Amino acid sequence: LLDALADQAALAIERVQLVADVDQAKLAAEADRLRSALLTSISHDLKTPLAAVLGASTTLRDYFASLPEDDRRDLLSTVVDESERLNRFIANLLDMTRIESGAMEPNYALHDVGDIVGTALRRAAKILVHHSIEVRIAEDLPAVRVDPVLLEQVLFNLLDNASKYAPENTVIDIKGWASGDQVLVQVGDAGPGIPPGDLDRIFDTFYRVRKGDQVRAGTGLGLSICRGFIEAMGGRIVAGNRTDHQGAIFTIRLPRPHDIPKLEEFK
Ligand code: ADP
C-alpha cells in the first residue's frame, strides 16, 4: 500500500511539475512579447518627435532665405515643442527605471500642499492655456512629509493628462483636504472619463485605453510613474469617474506626518 501511495504521490508531483513548466513557458513567452512591445513602443515614441524636428530643421536650413517670417517661426516652434516632448519622454523613461530598480530615495521634508500645487501649476502653465483651472485647498490643511519634486511631478502628469483628454474650455479642478489620518489631493476634469474596467490598469506601464490614438499623443508612462512615486512616499493613488458630471478624477492619499513610518522602513 505504501509503495502504491508513493507511486501516486510521485505521479502527482510530476503532474504539478508539468503544469508549472507549462506556466513557466507561458510566462517566458509573455515576457518576450512584452519586451518586444515595449521596444516597439519606445522606438515609435522617440522616432515620431525626432522626425518632426528633423523635417522642420531641414526645411529651415534649405529654404531659410525664401521663407516668410511666420513660416520660420512656425518651424522653429515645431522644433522647440517636439524637442520638449522628447525631453519629457526621456525623463519619464529615466523615472521609470529609477522606480523599477528600487533606486529611488525620496528626500522627505514637511511641505505645504498648496505650495507644491502652485509650483506644478506654474510648470504646466503652457499646456493649461485652453482650460480653466480651479484650485481649492483647505486652509487648515496640515503639512505633508513628502519629496516635493516627486509630488510635483505626479501633479504635473495628472494635469498634463487632464489637459490632453478633457475638451478645451472645460474646468480642471484641484482640491486638497484632510480626512481622518490622511491628506487627500484630487485632480478632476470634464473629459470622457475612464471605462470602469480600465480604472486600475491605466496605472500599468505602457497601458493606454485608446490604443493607436494619434490625436492624443502619449506613452502610457505618466500614470505608472505617478503610482510609483506616490507609493514610494507611503501614499496611494486611485482613478475614478465623477458622479456629478462626466470626467475622470484622480485621488492621492498621503499619510499625515505623524503616521509616516521611519525612513529606514522604506528601504
Ligand atoms: P498617456 O497619457 O501617455 O497615454 P498615462 O499613463 O498618463 O499615459 O495614462 C494612461 C491612459 O489612461 C491614457 O492613455 C488614457 O487612456 C487614460 N487616461 C489618463 N488620464 C486620463 C484622463 N484624465 N481622462 C481620461 N483618460 C485618461
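On the stretch given as the stretch 243-264, residues that are at pLDDT below 95, in a loop (DSSP other than H, G, I, E, B) and either within 14 Å of the ligand (Cβ to nearest atom) or within 23 Å of Met104 (Cα to Cα) (or both) total 6. For the stretch 102-137, taking the residues that are hydrophobic (A, V, I, L, M, F, W, C) and more than 19 Å from the chain's Cα centre (by Cα), the one that is surrounded by the most Cβ atoms within 10 Å (Cβ to Cβ) is identified as Val113.
Val53 - would you say it is loosely packed, with under 13 Cβ neighbours inside 10 Å, within 30 Å of Val149 (Cβ to Cβ) and not hydroxyl-bearing (Ser, Thr, Tyr)? Criteria not met by Val53.
Of the candidates Asp200, Asp204, Asp112, Asp147, the single residue that is closer than 27 Å to Pro49 by Cα, in contact (Cβ under 8 Å) with a residue 12 or more places away in the chain, out of contact with any strand residue (DSSP E or B) (no Cβ under 7 Å at 6 or more places or on another chain) and of a type outside the set (Gly, Ala, Ser) is Asp204. Here Leu121 clears all of (1) within 26 Å of Phe203 (Cα to Cα); (2) out of contact with any Leu (no Cβ under 6 Å at 6 or more places or on another chain); (3) modelled with pLDDT under 95; (4) among the hydrophobic types (A, V, I, L, M, F, W, C) except the condition numbered (3). The number of residues in the stretch 164-203 being more than 9 Å from the ligand (Cβ to nearest atom), modelled with pLDDT under 95 and buried (at least 18 other Cβ atoms within 10 Å of the Cβ) comes to 0.
The values are calculated or read from the model by the stated rules, or taken from the named source; none is laboratory data. Small disclaimer: the values here were computed from a predicted structure and weren't measured. We place every Cβ from the backbone using ideal geometry, glycine too, and count neighbours over all the protein chains shown.
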